[in-house]
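Inspection log for the structure reproduced underneath, given as structure tokens.
The numbers here are math on the coordinates, done by the rules we state, and not lab data. Values in this document were obtained by computation on a predicted structure and should not be read as measured data. Positions of Cβ are backbone-derived with ideal geometry, glycine not excepted, and every protein chain shown enters the neighbour counts.
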């Protein structure tokens, strides 16, 4: 079955159109999605404290399976969410095979903040930024693993509470509780503001 797209595919085509074209057999569309989300998927995968080669293999296998099963894959409201969830599932399967996964609480989670923000985006001096990052990292290290992941997915990957709920296999109220508890533990108001700024910009 072929799924026609209204316009030619190019690097600026939106996710929904690319996904539709990929399902119709357009390997260029899948390639654009792979290039668009590779860094996001790898950054998220490395949060689970597995070797970089494992994450690379999971991502490569994901796109290979997507291509092989293109005629069976449904349209998705969020390509980013679909890919992130798929990588998470692949890593959990790897950890289960390695006997390093028993339940969600056994997942390791890297607490380090993303490294692509800069002082200019926050309008502060680099020395001040370094000090803030150090303090935020210390605060993040004190959070339970599930609160860390929920915070990361919500404020860095910009997933909705409903998407995080499905991703982590818990109900939406639990996700809200994770987020509320995590932010409450980052005690001062100015530090919360900095955390959200670092995740959003």
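The set of residues in region 68-96 being touching a residue at least 60 places away in the same chain (Cβ under 8 Å) and in a loop (DSSP other than H, G, I, E, B) consists of 71, 78. Taking the criterion of being over 20 Å from residue 159 (Cα atoms) and not in a helix (DSSP H, G or I), the residues of region 34-57 that qualify are 49, 50, 51. Can you confirm whether residue 60 is without any contact (Cβ under 8 Å) to a residue 60 or more places away in the chain and not in a loop (DSSP other than H, G, I, E, B)? It is true that residue 60 is without any contact (Cβ under 8 Å) to a residue 60 or more places away in the chain and not in a loop (DSSP other than H, G, I, E, B).
For region 24-38, the criterion of being closer than 24 Å to residue 164 by Cα and either in contact with a strand residue (DSSP E or B) (Cβ under 6 Å, 6 or more places away or on another chain) or surrounded by fewer than 11 Cβ atoms within 10 Å (Cβ to Cβ) (or both) is met by at least one residue. Every condition in (1) under 21 Å from residue 157 (Cβ atoms); (2) free of Cβ contacts under 8 Å to residues at least 24 places away in the same chain holds for residue 99 except the one numbered (1).
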